[in-house]
Amino acid sequence: MFERLKLPRVIGEIAGGIALGPSVLGLVLPDAHKWLFAGFPAQGALLSAFYWLGLVLLMFTAGFKMQTEGMAGSGRIIPALVVGALVVPFACGYLGAPLFADAQKGDAFAFKLVMGIAAGVTSIPVISRLFLDLGLMNSAFARNIIGAATIQDLILWSMLAIATAVQHGDAADAGGIGRVIAINLAFVLASLFVAPAVAREVRRRVFGKFSEASLTGYTMLLCLVFVAAASLLKVNIVFAALLAGLVMTRFPSRHLAPVKQHIADISIWFFVPIYFALVGLRLDLAHQFDGSLILFFIIASTAIKLVSCTTAARIAGTAWARAFDYGVAMNTRGGPGIVLASVAYAAGIIDERMFSALVLASILTSFATGFWLRWRLAHDPEVFAEAARPPAAPMRGLASATTEFLVRAVRSPSTRTQHAAAKPTGAGSAGDESNRMDEVSGNRMGGPLRPSNAPALQR
């Protein structure tokens, strides 16, 4: 129904959970609600397993679908948006956390981190779907939004990993916090720079040739290995699933493209909808709805992000109207905002009222962005055409250097790709199979060059 109304599917999935949960069915037909969701002793554990599996697969698919191309070389706007959407809102959320002290359930420092993240998070899946529906995905406006949101969310998920570690008692003092930060940083570096090489060697020495079906299984195994390692190291498992997805972006093989699509299909069309429905099921708006807290949080966080993003985009050289478009788009919290609420609530950092506030803020900001972009296009179908022009001269400094580092971290090494393209091997050689996960579609075919490629290579 929500898709037919051109609204985000995730909101429809949550609405389905709300309708079946204590907010609606539990009030109207409490016996039917109890029969559905408390029918046998192990049902709670079963639903929890689906909940966490859906959440892990959501982050895994989000990781390997993250758009890294075009993040660099986009002029001054991406670093400006990262500052405007991340630094200022996070600082305001962190410092303003005492205003919501009644909703704090766990450690004070962890609560401040969660409130900072809640003010700064941006939803890549929802905003990407809106751009696709409106035909804006190929515009520079969309690329700048997605590039900035990718960098921003990577940093915010790292902070959430620290917040959950603090909540679980792994960082009781400054030394403990430093140790948690060091463990998370080491986990990130090992994931992005060591894990791909290990995966190649294990595949070459242990598993040998892959069929598409077995490759799908081993790819899922990679995700679960990351989650298990994170659990042992007391790193947030949601963050680990995201990193596992980013590792998959370092294998841009044409053989992996259908595998990623299969995983995304079964995740997005089965497990992830169940996760979002269970999020709605956990909302008890009849007893946990605090209107003043929800209204204050949504208005304050939205105002801060709109002002900071609009100002940052204006300083970067865009017109005021375009700068406000950037602010509205970056305020879309969607799925990541709901994931934040789920993790923080499960960890015992926030109470039920703040959980409801974060979920409703994610829903309402997603609605607002969709309505705003459609309104802009209805009044001027070419309003975003100017955003496709080449950007201004790039901004120099720490922000652009950070952007370039993160882009290179999640891309596959170009030198290795060029080396593989320059030395084709026979179809039956060991080097052919050992490098299948390294190849780039169109550059290396895993055997003798096809005749159809020869004229293009000569030209």
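The values are calculated or read from the model by the stated rules, or taken from the named source; none is laboratory data. All values derive from a computational prediction rather than experimental measurement. FYI the Cβ positions are ideal-geometry reconstructions off the backbone, even for glycines, and counts take in every protein chain you see. Calculation scope for accessible area: heavy atoms of the full protein, side chains included, ligands and nucleic acids excluded. Shrake-Rupley method; radii C 1.70, N 1.55, O 1.52, S 1.80 Å.
If you take the residues of segment 371-405 that are modelled with pLDDT under 85 and buried (at least 21 other Cβ atoms within 10 Å of the Cβ), which of them is nearest to Phe141 (Cα to Cα)?
Across segment 371-405, the extreme among qualifying residues is Phe384.
Looking only at segment 217-258, filter to residues that are modelled with pLDDT of 85 or more and among the β-branched types (Val, Ile, Thr); which one of those is nearest to Val194 (Cα to Cα)?
Going through the qualifying residues, I end up with Val247.
What pairs come up if the first residue lies in segment 153-168 and is touching a residue at least 12 places away in the same chain (Cβ under 8 Å), the second is β-branched (Val, Ile, Thr) and part of a loop (DSSP other than H, G, I, E, B), and their beta carbons are under 8 Å apart, counting only those six or more places apart or on different chains?
Pairs that qualify, where the first residue is touching a residue at least 12 places away in the same chain (Cβ under 8 Å) and the partner is β-branched (Val, Ile, Thr) and part of a loop (DSSP other than H, G, I, E, B), are Asp153/Val121; Asp153/Thr122; Leu156/Val121; Ala161/Val235; Ala163/Ile349; Thr164/Ile349; Ala165/Val235; Gln167/Ile349.
Under the condition of being in contact with a helix residue (DSSP H, G or I) (Cβ under 6 Å, 6 or more places away or on another chain) and not hydrophobic (A, V, I, L, M, F, W, C), which residue from segment 168-195 is modelled with the lowest pLDDT?
The residue in question is Asp170.
Which of the residues spanning segment 127-146 are closer than 22 Å to Ile268 by Cα, in a helix (DSSP H, G or I) and open to solvent by 10 Å² or more (accessible area, probe 1.4 Å)?
Residues satisfying the conditions are Ser128, Arg129, Leu132, Asp133, Leu134.
I need the full set of residues from segment 157-180 which are part of a helix (DSSP H, G or I) and either under 24 Å from Ile338 (Cα atoms) or within 20 Å of the chain's Cα centre (by Cα) (or both), in order please.
Those that are part of a helix (DSSP H, G or I) and either under 24 Å from Ile338 (Cα atoms) or within 20 Å of the chain's Cα centre (by Cα) (or both): Trp157, Ser158, Met159, Leu160, Ala161, Ile162, Ala163, Thr164, Ala165, Val166, Gln167.
Going through segment 364-385 one residue at a time, which ones are under 26 Å from the mean Cα position of the chain (by Cα) and outside any helix (DSSP H, G or I)?
Of everything in segment 364-385, just one residue is under 26 Å from the mean Cα position of the chain (by Cα) and outside any helix (DSSP H, G or I), namely Phe384.
Where in segment 270-347 are there helices (runs of 4 or more DSSP H), lying wholly inside it, with at least 3 residues that are within 16 Å of Leu373 (Cβ to Cβ)?
291-315, 320-330
I want to confirm something. Restricting to segment 348-363 and keeping residues that are assigned to a loop (DSSP other than H, G, I, E, B) and over 16 Å from Asp284 (Cα atoms), which single residue is least open to solvent (accessible area, probe 1.4 Å)?
Checking each candidate, the answer is Ile349.
What number of residues within segment 147-161 satisfy the criterion of being open to solvent by less than 10 Å² (accessible area, probe 1.4 Å), in contact with a Leu (Cβ under 7 Å, 6 or more places away or on another chain) and among the β-branched types (Val, Ile, Thr)?
Summing the residues that are open to solvent by less than 10 Å² (accessible area, probe 1.4 Å), in contact with a Leu (Cβ under 7 Å, 6 or more places away or on another chain) and among the β-branched types (Val, Ile, Thr) in segment 147-161 gives 1.
Please name all residue pairs, on different chains or six or more residues apart, with Cβ atoms under 6 Å, provided the first residue is in segment 306-322 and is closer than 16 Å to Val82 by Cβ and the second residue is among the β-branched types (Val, Ile, Thr).
Ser308/Val88; Ala312/Val83; Ala316/Ile77
Among the residues of segment 301-316, count how many are buried (at least 20 other Cβ atoms within 10 Å of the Cβ), more than 18 Å from Val359 (Cα to Cα) and polar (S, T, N, Q).
Residues in segment 301-316 being buried (at least 20 other Cβ atoms within 10 Å of the Cβ), more than 18 Å from Val359 (Cα to Cα) and polar (S, T, N, Q): 2 in total.
Which is farther than 16 Å from Trp52 by Cα and touching a helix residue (DSSP H, G or I) at 6+ places or on another chain (Cβ under 6 Å), of Leu278, Leu243, Leu256, Leu232? Steps first, please.
On the way: Leu278 fails: farther than 16 Å from Trp52 by Cα; Leu256 fails: touching a helix residue (DSSP H, G or I) at 6+ places or on another chain (Cβ under 6 Å); Leu232 fails: touching a helix residue (DSSP H, G or I) at 6+ places or on another chain (Cβ under 6 Å).
Among Leu278, Leu243, Leu256, Leu232, only Leu243 is farther than 16 Å from Trp52 by Cα and touching a helix residue (DSSP H, G or I) at 6+ places or on another chain (Cβ under 6 Å).
Note down all Cβ pairs under 6 Å where the first residue falls in segment 253-266 and is in contact (Cβ under 8 Å) with a residue 40 or more places away in the chain, the second is in a helix (DSSP H, G or I), and they're at least six residues apart or on different chains.
Val259/Leu215; Val259/Thr216; Val259/Thr219; Lys260/Phe64; His262/Thr216; Ala264/Thr61
Listed residues Val114, Val121, Val88; which is open to solvent by 10 Å² or more (accessible area, probe 1.4 Å) and either small (Gly, Ala, Ser) or at pLDDT 85 or above (or both)? Break it down stepwise before answering.
On the way: Val114 fails: open to solvent by 10 Å² or more (accessible area, probe 1.4 Å); Val121 fails: open to solvent by 10 Å² or more (accessible area, probe 1.4 Å).
Selected residue: Val88, the only one of Val114, Val121, Val88 that is open to solvent by 10 Å² or more (accessible area, probe 1.4 Å) and either small (Gly, Ala, Ser) or at pLDDT 85 or above (or both).
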